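Read through the structure below, which is laid out as structure tokens, and then see the notes.
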Amino acid sequence: MSNRQLGAVMFAPAVLFIILLIGFPFVLAVLYAFSDARIGSTGFHLVGLENFRSILQSPSFRKALQNSIVFTVCAQAIVIVCSTILSMALEKPFRVRGLVRLLILLPWVAPVSLGTIGWKWILDSIYSVITWVLIWLHFYKPYSAPMWLGEPHLAMASVILVHCWRLIPFSTVIMLAGRSAIPKEIPEAASIDGAGFWRTLFHITIPMMTPIISVALLFGIVFTFTDMTVVYILTAGGPFDSTQTLPSLAFATGVQGSDLAAGAAISLFLVPVLVAVAYFMLRVAHRAEVV
Amino acid sequence: MAVVETRNLTKVFKEGELGAVNKVSLATHEGEFLVFLGPSGSGKTTLLRMIAGLETPTSGEILIGGQVVNHLTPRERRIAMVFQSYALYPHLSVYNNIAFPLKAQKVPREQHRTKVEWAAGLLGIGKLLGRKPRELSGGERQRVALARAIVREPAVFLLDEPLSNLDAKLRASAREELEQFHKSVGTTTIYVTHDQVEAMAMGDRIVVLHQGVVRQIGTPKDVYEDPADTFVATFLGSPPMNLVEFSDVIVGFRPESFLPADLLPGAKHVRFRYKVNYVEYLGAERVLYGAIEGRHFESKEIISRLSWTMPAGYDAGSVHDFSVAESDLRFFDRKTEKRADPRPYPWQ
């Protein structure tokens, strides 16, 4: 076998993987979005932009879009702040740093569905350990305790926090890598120049970490915007669509509601948004690139 | 301007191990250019970092301007430091790099431009203020680091091998500029280097360090001509001082003092038979590697350094009469390796 053939054989699995599992479904989704495909129907007609027109007029789509934005912005704000603080805490060596790093990484390593089912129990209306502790501490009376997943705002907050719990480790690892790339003389020079902790943080450390923060943010936005596991397991979009996001709405409409065309149109709506976000973030990362 | 003093300063990184800096006591003079010279691992940078406040001493005191500063943070010590890597802030322009200490110390904003331009002008980088550090050459970066250090007119300058990242040609000119710069600002400066040429050329006094201990403090002439021990004798000078052991004493003499006997008429001198093994031609000089022939020092390796003005004929394999002026001999105790009093040399 020549080198060229061997190369092609070695390369083939990756190409097949991309074509079968990413390329083909993507092309199919684009086709469906411009058609009237439905589950259980053999008819297939191209209908142009009709599906997009109809979902834009749908109140549940608008609600889901709004929820997706709230979900993503809030989750990312919390993730970036927490992972910056965590990366600072975990940067300097201390006695059990290795163990703490492992524990912090666990939520990312564990399967998302298992973790979320765990949270579903923690936030359950009857068995919630959080509610139990709050009652025990006399913050609430029994039977008047909050329904974490049953009240619109609390449900959204719960979904956001569980998603943060899952994403913070990932972001922390990226931030740690970014911080360790800053030469130690730079903060030392700042301290000699007279800068205190906050000035060093806001004028030196964070600006120098901008490229890596952009990468963490880009991944975070993509993961959050496209995530439906946490929403689907915790609330399935409820109560009253208050936690419905675009991916969960696409699933509910396209698969559960049999309207493949509308589901595909909702999913595709995310693509230009995410492409724009990715382009913008990569530009920021590139512009802020240091020596 | 201020005097920096250390009293029994010690730094032990790991308990039970030898200290990186051991009981160092020294004091600068006002406005002096003091050089810490030593090989890698001699503790010179650790000593400087303790003075800067970047390392906490295990014991001992640091005084700046007569005041104990052990408990003060770097910014409270009124010092400025230039790092080996320059540590410029890569995301800030040259202007903002130089202005950073002013902002950090809350100097009124309207004074920033004047002060930055003054510092930049002094170092000839006025035209670079809009650039980012990555757009500068090594020499320019070094000047920006110096400008950032002088802009708030500190009491003391600490320089950690600031020339080691420059190429040989640039280093020579930067050395000269740094000397001129020190003369013009007159601030007490502590300069760390492992390069003896830099130390000799720039220092008002040199502190020779080895394994965290001060071996000698003196002017360049003192440490070169009258080394306090065999370490200083061999660390300074290239090639190093020749050392020959005789009973309880070590006798040292510089290669440039070990010359053909007929070139040393008159003065009292000590004679040796010298066999040249190998000659290194270095343009302005020749370095002879050879051995003494004679009862006491048979085969002892000795180096001689001859100026290019001296006659040729000292080729490999040839044997000659060489001698050293008595006044150029240095004596060290064989046990302690410390400097000893001159004594008769009965080996002749």
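The values are calculated or read from the model by the stated rules, or taken from the named source; none is laboratory data. Please read all numbers here as calculations on a predicted model, not as lab measurements. Cβ coordinates were reconstructed from backbone atoms using ideal geometry, including for glycine residues, and neighbour counts include every protein chain displayed. With ligands, DNA and RNA removed, areas are computed over all heavy atoms of the protein, side chains included. Shrake-Rupley method; radii C 1.70, N 1.55, O 1.52, S 1.80 Å.
Put a dot 7 Å past the Cα of A:F197, heading toward its Cβ, do the same for B:D341, and the two dots end up 6.2 nm apart. Spin-label model, A:F94 to A:L28: label points 7 Å out along the Cα-to-beta-carbon direction sit 5.0 nm apart.
The accessible surface of chain A, taken with every protein chain in place and a 1.4 Å probe, is 73 percent carbon and sulfur. Bridging of A:K63 to lysines at a Cα separation below 24 Å is possible for A:K120, once same-chain residues fewer than 8 apart are set aside. Per residue, the solvent-accessible area of chain B (1.4 Å probe, heavy atoms of protein chains only, all protein chains present) comes to 46 Å².
Report which residues of segment A:175-195 become buried by 30 Å² or more of accessible surface when going from the isolated chain to the complete set of protein chains (1.4 Å probe; DNA, RNA and ligands ignored). Going by heavy-atom accessible area, the residues of segment A:175-195 that drop by at least 30 Å² are A:E185, A:I186, A:E188, A:A189, A:S191, A:I192, A:D193, A:G194.
Using the average count of surrounding beta-carbon atoms within 10 Å as a protection proxy, the listed peptides A:73-85, A:245-257 rank, highest first, as A:245-257, A:73-85. Pop the C-beta distance of B:S59 and B:E256 into the FRET formula with R0 = 35 Å and round what comes out to the nearest 0.05. For B:S59 and B:E256, the calculated efficiency is 0.25.
Screening chain A for whole DSSP H helices with an alpha carbon extent of at least 30 angstrom along the helix axis and a mean Kyte-Doolittle hydropathy of at least 0.5 yields A:59-91, A:152-180, A:260-287. Of A:F170, A:G238, A:G220, which is farthest along the charge dipole of the protein assembly as shown in the positive direction, counting Lys and Arg as +1 and Asp and Glu as -1 at C-beta? The one lying farthest along the dipole's positive direction is A:G238.
Taking only protein heavy atoms and a 1.4 Å probe, the accessible area of chain B is 49% carbon and sulfur.
Think of the protein assembly as shown as a dipole: +1 on every Lys or Arg Cβ, -1 on every Asp or Glu Cβ, centred on the Cα centre; then among B:S40, B:Q211, A:T229, A:T229 lies furthest on the positive end.
Straight-line reach only, C-alpha to C-alpha below 30 angstrom: list the lysines that B:K338 could link to, leaving out same-chain residues fewer than 8 apart. In chain and number order, the partners are B:K11, B:K14, B:K23, B:K44, B:K221, B:K268, B:K275, B:K300. Going 7 Å from the Cα of B:N8 along its beta-carbon direction, which residues of segment B:40-73 have the amide nitrogen within less than 14 Å of the resulting point? Label zone hits: B:58-62.
Rounded to the nearest 0.05, the FRET efficiency derived from the C-beta distance between B:S318 and B:E176 at R0 = 41 Å is 0.50.
Between A:A157 and A:V47, the FRET efficiency from the beta-carbon distance, with R0 = 51 Å, is close to 0.85. Given +1 at the Cβ of Lys and Arg, -1 at the Cβ of Asp and Glu and no other charges, the dipole of segment A:58-290 around its Cα centre is 340 debye to the nearest 20. GNM remark for chain A: springs join alpha carbons under 10 Å apart, and the peak mean-square fluctuation among A:R97, A:R38, A:R199 falls on A:R199.
Here B:K132 is the anchor, and the aspartates and glutamates within straight C-alpha reach of less than 17 Å, apart from those fewer than 8 places off in the same chain, are A:E289, B:E117, B:E140. Given +1 at the Cβ of Lys and Arg, -1 at the Cβ of Asp and Glu and no other charges, the dipole of chain B around its Cα centre is 1340 debye to the nearest 20. On association of chains B and A, roughly 1900 Å² of accessible area becomes buried (total for both chains; probe 1.4 Å). Of the trypsin sites (Lys or Arg not before Pro) found in segment B:49-126, the ones in coil according to DSSP and having at most 10 other Cβ atoms within 10 Å of their Cβ are B:K106.
Rolling a 1.4 angstrom probe over the protein heavy atoms with all chains in place gives segment A:58-290 an accessible area of 51 Å² per residue. What is the log10 of I(q)/I(0) for chain B, computed with the Debye formula using one identical point scatterer on each Cα and no solvent, at q = 0.11, 0.15 Å⁻¹? Once normalised to I(0) and log-transformed, intensities are -0.82, -1.19. Computed over the protein assembly as shown, the alpha-carbon pair-distance distribution with 10 angstrom bins reads 3, 12, 16, 15, 14, 13, 11, 7, 5, 4, 2, 0, 0, each value a whole percent. Applying 0.36 nm per residue to the separation of B:E285 and B:N70 and subtracting their alpha-carbon distance, the gain on full extension is 72.5 nm.
For segment B:1-109, chymotrypsin sites (Phe, Trp or Tyr not before Pro) meeting the loop criterion (DSSP other than H, G, I, E, B) and having at most 15 other Cβ atoms within 10 Å: B:F13. Around the Cα centre of the protein assembly as shown, unit charges on the Cβ atoms of Lys, Arg, Asp and Glu (plus for the first two, minus for the last two) sum to a dipole of about 1380 debye. For chymotrypsin sites (Phe, Trp or Tyr not before Pro), no site in segment B:167-273 is both called loop by DSSP and has at most 10 other Cβ atoms within 10 Å. Put simply, the amide H of B:Q84, placed in the peptide plane, has neighbours under 5 Å in B:D160, leaving out anything fewer than 5 places away on its chain.
Here the sum of -39500 (n - 2.57) over DSSP H runs of 4 or more residues, divided by the residues of the protein assembly as shown, equals -14000 deg cm²/dmol at 222 nm, to the nearest 500.
By the Kirkwood approach, averaging reciprocal distances over each pair of separate Cα atoms, segment A:58-290 gets a hydrodynamic radius of 19.7 Å. Residue by residue along B:93-103, Cβ atoms of other protein chains within 10 Å of the local Cβ number 2 on average. Taking segment B:167-208 and a reference point 7 angstrom along Cα→Cβ of B:A155, the backbone N atoms nearer than 12 Å belong to B:188.
Each of the peptides B:193-199, A:211-217 was scored by the mean count of other Cβ atoms within 10 Å over its residues; in descending order, highest first, they stand as A:211-217, B:193-199.
Of the listed residues A:Y143, A:Y32, B:Y89, B:Y278, the order by accessible area with a 1.4 Å probe, largest first, is A:Y143, B:Y278, A:Y32, B:Y89.
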